[in-house]
Amino acid sequence: MRLAAKVARDLWAARRGQTAVRKKLVETPPLEPQQYVIGVYFADGDVNLYQLRQWYKPLAELAKTWPVVILSRNATAATRLLEESPVPVAYVRTVVDLEKLIHDQPIRVVFYVNQNTRNFQMMRYGRRWHVFINHGESDKMYMTTNQFKAYDYALIAGDAARARLDKVLWDFDFDKRAIPIGRPQADHYSGELPYTPDDREVVLYAPTWEGDRAAAAYGSIASHGVTLVRALLATGRHRVIYRPHPRSGVVDHAYGAANTEIVRMIEEANQADASAQHVHDTGAELGWQLAAADMAIVDISAMVYDRLAAGKPLMVTRPLNPDAEVDTGGYLAACEWLTAADAANVVERIDQVEHDDDSLARLAYWVERYFGDTTPGATTARFHAAVQHLMDEWERYAKIHEGDPEIDEHDSEAEELGTEL
């Protein structure tokens, strides 16, 4: 009965999603034909839009040189994208829709921000570069998947990413296929603050979700979160920005309950002292939080490296689950850990980290190791140079194959129907 109810809810949600996106498409001008040379492929629903949102500003900047379009395969995601994306969006639900867009647009480069299995429905199209750009830099096991080999190129952050991949990718041409660009998002760490700055010390607590298996159980909300937030709220000299992962609590009820408790504590603290202006941040935009916080407390996730790219102090929560896989070959071998036992003493730990010369020196070393030159504008320049290289290579190969006969890349009608299903 529960399964039947879930199927019914999913069908109803899908129907509502189709209705919403159709209404939105009526309000949206059609794409200009033969206009877009870069496509950003996104097959997920709106729950994973955070993976794409972090690329909004770099893509908008890139689109000033190379026209960019987002290819959305999901109704709920497409609806949100049509509302908020700074670059044009195409809703390509079926393979037939996708093929029509490929026919109408001179796409040369396709970016991928995740490893969705439906990526392969796009990757079957040759005569263009398929490029994995990921949705963040981290030392999670996800970052060393052999799936990197499926793409023509990968844009990676820097030396640490290459060293990490070099351990697991056999016979992979790093010099050609892995292009270091740093973290372009760091050039856009800005935004309107939801509070009035004062003399309070701002602490960002940005935990990840609980994970769907023990090896990836990096989330700290249930183990550290309630205790450390309570301690910070009690000082009267700290401002907390709490930014939980959007999937927090989807697997573990206790994790969801801890998340609810933290939100409640923040609301009560603001009611007791309006000048505190603590923030429960669920916004789509990520950047101002990383730039504004004096200290960041994050779980093992891309947030470690998003903060590292800002070059400012941070602590990483040590997973409570002993089976959680921790790569200690990179920054996590030298980071400032916060254990669950130390969560109650978080104020003292913050003071120690912020005033320790050795800690600050290690931070500077690892910033360079992961992202190279973080001078404002430098990483954007490397991103644009990488795209220019891809375009130059496309032109070179197009000339080599300009005499080749046209080959129909499309599947038969039966195969299209099977792929769509």
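Read-outs throughout are calculated quantities, based only on the coordinates presented, and are distinct from any laboratory measurement. Being a predicted model, the structure only gives us computed values, none of them experimental. All Cβ positions, glycine included, derive from the backbone under ideal geometry; neighbour counts span all protein chains shown.
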Global form of segment 280-361, assessed from the alpha-carbon gyration tensor, a/c cut-off 1.5: rounded
Segment 201-371, relative contact order [Cα under 8 Å, separation at least 6], %: 27 percent
What list of ³J(HN,Hα) couplings, whole Hz, do you get for segment 389-396 from phi and the Karplus terms 6.51, -1.76, 1.60, once you set θ to phi - 60° and write x for glycine and proline? 4, 4, 5, 4, 5, 4, 4, 5
Put a dot 7 Å past each Cα toward the Cβ at A398 and A4; how far apart are the dots in nm? 5.7 nm
Please report the spacing between the Cα centers of segment 7-49 and segment 326-356 in Å, no decimals. 42 Å
Among 146-159, 9-22, the order from most to least packed when residues are scored by Cβ within 10 Å on average: 146-159, 9-22
Dipole magnitude of the chain, debye to nearest 20 (Cβ charges: Lys/Arg +1, Asp/Glu -1, about Cα centre): 800 debye
Least to most buried among H130, H224, H253, H280, by other C-beta atoms within 10 Å and fewest first, runs H253, H280, H130, H224
Within segment 371-403, which residues have the backbone N less than 16 Å from the label spot 7 Å out from D166 along Cα→beta-carbon, could you tell me? 371-372
To the nearest 0.05, what FRET efficiency results for Q34 and T117 with a Förster distance of 30 Å applied to their C-beta separation? 0.50
What aspartates and glutamates sit close enough to K23 to cross-link, taking a C-alpha to C-alpha distance under 13 Å and skipping anything fewer than 8 places away on the same chain? E83
The pairs in K176/K399; K57/K149; K24/K149; K24/K100; K57/K100 lying past 25 Å Cα-Cα in this model are K57/K149; K24/K149; K57/K100
Please compute P(r) over all alpha-carbon pairs of segment 201-371, binned at 5 Å starting from zero, and give each bin as a whole-number percent. 1, 9, 19, 22, 22, 16, 8, 3, 0
State whether segment 326-365 is rounded, prolate or oblate according to the following rule on the C-alpha gyration tensor (a ≥ b ≥ c being the square roots of its eigenvalues): a/c under 1.5 gives rounded; otherwise a/b larger than b/c gives prolate, and the remaining case gives oblate. oblate
Relative contact order in percent for the chain (Cα pairs under 8 Å, 6+ apart) equals 16 percent
Using all C-alpha to C-alpha distances in the chain, build P(r) with 10 Å bins and read off the rounded percent in each one. 4, 20, 30, 26, 15, 5, 1, 0
What is the P(r) of segment 25-116, as percent of Cα-Cα pairs per 10 Å bin from 0? 17, 55, 27, 0
Express in nm, to one decimal, how much length is gained between E84 and E99 on full extension, taking 0.36 nm for each residue of separation and deducting their alpha carbon distance. 2.9 nm
Can you compute the helix-only [θ] at 222 nm over the chain? Use -39500 (n - 2.57) per DSSP H run of at least 4 residues, normalise by all residues, nearest 500 deg cm²/dmol. -12000 deg cm²/dmol
Can you give me the orientation-averaged projected area of the convex hull built on the Cα atoms of segment 56-161, in nm²? 7.4 nm²
Measure of compaction for segment 112-163 (Cα Rg per 2.2 N^0.38 Å): 1.15
For segment 32-76, rounded, prolate or oblate, judged on the Cα gyration tensor with a ≥ b ≥ c (square roots of eigenvalues), a/c < 1.5 rounded, else prolate if a/b > b/c? oblate
Using DSSP, restrict attention to beta bridges with both residues in the chain and report what percent are antiparallel, rounded to the nearest 5. 0 percent
For segment 161-260 the mean separation of alpha carbon contacts under 8 Å (6+ apart) over residue count, i.e. relative contact order in percent, is 27 percent
